[in-house]
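First up is the structure itself, then whatever we jot down about it.
The values are calculated or read from the model by the stated rules, or taken from the named source; none is laboratory data. Predicted model only: the values in this text are computed from it and were never measured. Cβ atoms come from the backbone with ideal geometry, glycine included; neighbour counts cover every protein chain shown.
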Amino acid sequence: MPAIAAGAKRDNAMFYWHLGDLRKISRPDEDFAQLAKQQGKTPSLQEYQKAAWDDFMDHQIAPFGAMPFFLGIGNHETIPPKTRTEFVAKFEKWLNASEVKDQRLKDDPTDDRVKTYYHWVRGGIDFINLDNASHDQFDAGQLKWFAGVLARDQQDASIRTVVVGMHAALPESISSAHSMNEWHEGEITGRKVSQDLLKLQNDAHKKVYVLASHSHFFMEGIFNTEYWRTHGGVLPGWIVGTSGAERYRLPPKATDAKAAKTDVYGYLLATANPHGQPAGTVALDFKQIDEDQIPSDVVQRFTPSFVHECFAGNRKMTGMF
């Protein structure tokens, strides 16, 4: 993440959007354990879980400095003892940042509740952050809210583009084995969200882009599947799960994607209204992070051999979980 922050600054990014899974929670992350080891400590699981989110703020958000940091929620944020309620309380500063709060109150002046789902608008683009971090999602309240956001976007001529981000990919993607297809409620409600976005794209002629992480690889064109080719159309979709977690094998039909890579780290750089493209276009380019791009202070803090192992290893060779 410090290397991604450095890259985002070099690219003059206006903000960074994190789609969830801040720390592993079920066991100590390797970087957390490495720092403790260097201090002669072996923290218990309970000690790690208590410190994990503060560690995320110190080592993953802080490197971005003053750059706005929009935060999503992933399934690891709901692994016991962590809860969605604790997540909201801990990260209220980001979930209720002025840009998010102002948009929420513009939509509904009586809505003073900080949520894990929200949206903000910049330059004719509506950025929508959804919460599918547990198997009760999308729940009725979130679906109602989402429908209202899309209805307003459909009627608003100033909104040309909608970019939707969430942790797990919507159903029936190339990575369906590790997506909202994993639970019944997710499959039903995720398909509903997909159909609503297809309607916005095809009927209201808004440009739509869909982002997810959860699967720890990079893939562009994730909805180019038989299901979506025969059920309304293929939304432009990306999976970017490449900011440090254990890296998965690509799914069997990865060759159907426009692009797919694993055993890499990196981030997606979005450029709004690139020269020569129709108004509302967003160009999304994967920026790979190589070992020699890790900031020197990070290498010194963790040791060169540890950083090298993050690139040479950190691979899950079976399954996608």
Using the structure shown, decide if VAL164 is surrounded by fewer than 23 Cβ atoms within 10 Å (Cβ to Cβ), in a strand (DSSP E or B) and out of contact with any Gly (no Cβ under 7 Å at 6 or more places or on another chain). no
Look at the stretch 93-138 and say how many of its residues are of a type outside the set (A, V, I, L, M, F, W, C), without any contact (Cβ under 8 Å) to a residue 40 or more places away in the chain and either surrounded by 13 or more Cβ atoms within 10 Å (Cβ to Cβ) or closer than 22 Å to ALA212 by Cα (or both). 11
Scan the stretch 4-59 for residues that are part of a loop (DSSP other than H, G, I, E, B), under 18 Å from the mean Cα position of the chain (by Cα) and either more than 21 Å from PHE302 (Cβ to Cβ) or aromatic (Phe, Trp, Tyr) (or both) and jot them down. ALA13, MET14, PHE15, LEU19, GLY20
Looking at LEU197, LEU211, LEU170, can you tell me which residue is farther than 19 Å from LYS258 by Cα and crowded, with 20+ Cβ neighbours inside 10 Å? LEU197
State the number of residues belonging to the stretch 289-321 that are surrounded by 12 or more Cβ atoms within 10 Å (Cβ to Cβ), within 25 Å of the chain's Cα centre (by Cα), not in a strand (DSSP E or B) and not hydrophobic (A, V, I, L, M, F, W, C). 6
Check whether at least one residue in the stretch 176-196 is at positive phi, of a type outside the set (Lys, Arg) and part of a loop (DSSP other than H, G, I, E, B), and report yes or no. no
Which residue out of ASP11, ASP31, ASP54 is touching a residue at least 60 places away in the same chain (Cβ under 8 Å), surrounded by fewer than 18 Cβ atoms within 10 Å (Cβ to Cβ), out of contact with any Ser or Thr (no Cβ under 8 Å at 6 or more places or on another chain) and over 16 Å from GLY165 (Cβ atoms)? ASP11
Out of curiosity, is ASN75 of a type outside the set (D, E, K, R) and out of contact with any helix residue (DSSP H, G or I) (no Cβ under 7 Å at 6 or more places or on another chain)? yes
So in the stretch 173-182, with the set limited to residues that are in contact with a Gly (Cβ under 9 Å, 6 or more places away or on another chain), polar (S, T, N, Q) and under 26 Å from PHE15 (Cβ atoms), which one is surrounded by the most Cβ atoms within 10 Å (Cβ to Cβ)? SER173
Residues of the stretch 254-273 classified as assigned to a loop (DSSP other than H, G, I, E, B), out of contact with any helix residue (DSSP H, G or I) (no Cβ under 9 Å at 6 or more places or on another chain) and either among the aliphatic types (A, V, I, L, M) or in contact (Cβ under 8 Å) with a residue 40 or more places away in the chain (or both), total: 3
For the structure I just gave you, tell me whether LEU150 is more than 19 Å from the chain's Cα centre (by Cα), modelled with pLDDT of 95 or more, hydrophobic (A, V, I, L, M, F, W, C) and crowded, with 19+ Cβ neighbours inside 10 Å. yes
The condition of being touching a residue at least 40 places away in the same chain (Cβ under 8 Å), closer than 28 Å to LYS287 by Cβ and in contact with a strand residue (DSSP E or B) (Cβ under 9 Å, 6 or more places away or on another chain) holds, among PHE146, PHE217, only for PHE217
For THR83, work out the one condition from (1) touching a residue at least 40 places away in the same chain (Cβ under 8 Å); (2) in contact with a helix residue (DSSP H, G or I) (Cβ under 9 Å, 6 or more places away or on another chain) it doesn't fulfil. (1)
Condition check: under 30 Å from VAL162 (Cβ atoms), among the aromatic types (Phe, Trp, Tyr) and either touching a residue at least 40 places away in the same chain (Cβ under 8 Å) or surrounded by fewer than 11 Cβ atoms within 10 Å (Cβ to Cβ) (or both). Does PHE286 satisfy that? yes
